[in-house]
Amino acid sequence: MSNWPERDEAQRILDEWVSNKNLKKHAYAVEAAMRAYASRLGGDTEKWGVVGLLHDFDYEKYSDLESHPFKGVEYLKDKGYADGLIEGILAHADHAGVNRDTDLKKAIYAVDELTGLIVAVALMRPSKKIADVTVESVMKKWKEKSFAAGVDRKMIETGAAELGVPLEEHVGIVLKAMQGIAEKLGL
């Protein structure tokens, strides 16, 4: 199937399923990072962005590993959306068992956790502004395992390596993308 939701339709799905404002902000951050990687790697920015926007849309209702992201992709399959969208969303979760054999799948895996770390670093700044975050400040906090302990750093490292992007460069790409939507993130 080649039916992908347009950005407006993806936003409608997100709004229908997600009421938590921080989960929505996470979706916007991952969307921005995915668009940045699509531009860098010659992907379709609209499609990659939609994967980022929808990757966790079922998480508020189904956060357990048996259900997330499976319930969400079931809904999208029932709506007739493309296998590429489905596989892209599944690729962000190791437990889904999807082979990350495309740049899109590698990118969603690489950026998901990193956006959370960057937000945590921004919130530690006196200004609480992402504009004041640097790659260096993220890398400094990276080394502090107790900081944002829930962030899977191994997943980020693996994702960056699969993309063939050095870790600090990867952080820079995602940070710049997020800085570009600072207002939407409330940062």
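What do you get for the angle between helix 45-54 and the principal long axis of the chain? Use alpha-carbon atoms, 0 to 90 degrees, nearest ten.
90 degrees
In the chain, once you exclude exposed trypsin sites (Lys or Arg not before Pro) (DSSP loop, at most 15 other Cβ within 10 angstrom), what's the longest stretch remaining?
So the longest stretch without any such site is 1-60.
Starting from region 134-183, pick out the GluC sites (Glu not before Pro) whose DSSP state is loop and whose Cβ has at most 13 other Cβ atoms within 10 Å. Provide the component values of the computation, followed by the final result.
Values: sites: E136, E144, E157, E162, E168, E169, E183; in loops: E144.
Listed in order of number, the matching sites are E144.
Mind jotting down the distance between the C-alpha centroids of region 127-187 and region 1-79, whole Å?
Taking the Cα centre of region 127-187 as reference, the centre of region 1-79 is 20 Å away.
Among A160, A27, P126, whose Cα sits farthest toward the positive end of the charge dipole of the chain (+1 at Cβ of Lys/Arg, -1 at Cβ of Asp/Glu, about the Cα centre)?
Sorting the options by dipole projection puts first P126.
So which lysines can K71 reach, going by Cα to Cα under 22 Å and dropping same-chain residues fewer than 8 places off?
Within reach: K21, K24, K25, K47, K61, K79, K105, K106.
Sorting H95, H26, H55 on the 10 Å Cβ count, fewest up front, what's the list?
H95, H26, H55
Rounded, prolate or oblate: which fits region 34-187 when a ≥ b ≥ c are the square roots of the eigenvalues of the alpha-carbon gyration tensor, with rounded for a/c under 1.5 and prolate only if a/b beats b/c?
Prolate.
Pairs of Cα atoms under 8 Å, at least six residues apart: use those to get the relative contact order of the chain, whole percent.
Relative contact order here is 23 percent.
Sort S39, S63 so that the residue with the fewest other Cβ atoms within 10 Å of its own Cβ comes first and the one with the most comes last.
S63, S39
Nearest 10 degrees is fine. How inclined is helix 7-17 to the longest principal axis of the chain, computing both from alpha carbons?
90 degrees
What order do you get for S127, S146, S137 when you list them from fewest to most C-beta neighbours inside 10 Å?
S146, S127, S137
Please express the Cα-Cα pair-distance distribution P(r) of region 122-187 as a list of whole percents, one per 5 Å bin, running from 0 to the bin with the greatest distance.
Histogramming region 122-187 at 5 Å steps yields 4, 16, 24, 27, 20, 8, 1 percent.
Show that you can apply the helix-only estimate: for the chain, add -39,500 (n - 2.57) for every DSSP H stretch of four or more residues, divide by all residues, and state [θ] at 222 nm to the nearest 500.
Counting only the DSSP helices, I get -19500 deg cm²/dmol.
For a label point 7 angstrom out from the Cα of K79 toward its Cβ, which stretches of region 1-38 have the backbone nitrogen within less than 15 Å?
Answer for this model: 2-19.
Note the angle between two axes, namely the Cα long axis of helix 167-179 and the longest principal axis of the Cα atoms of the chain, as a number of degrees from 0 to 90, rounded to the nearest 10.
For 167-179 against the chain, the angle is about 80 degrees.
Net charge within 15 Å of Q179 by Cβ-Cβ distance, Lys/Arg positive one each and Asp/Glu negative one each, not counting Q179 itself?
Taking every other residue near Q179 into account, the sum is +3.
Please state the charge dipole magnitude for the chain, taken about the Cα centre, from unit charges on C-beta atoms (+1 on K and R, -1 on D and E), reported in debye and rounded to the nearest 20.
Result for the chain is approximately 760 debye, rounded to the nearest 20.
Read the figures in this text as sums done on the coordinates, not as results from a lab. Values in this document were obtained by computation on a predicted structure and should not be read as measured data. Note that we place each Cβ from the backbone using ideal geometry, even for glycine, and neighbour counts take in every protein chain shown.
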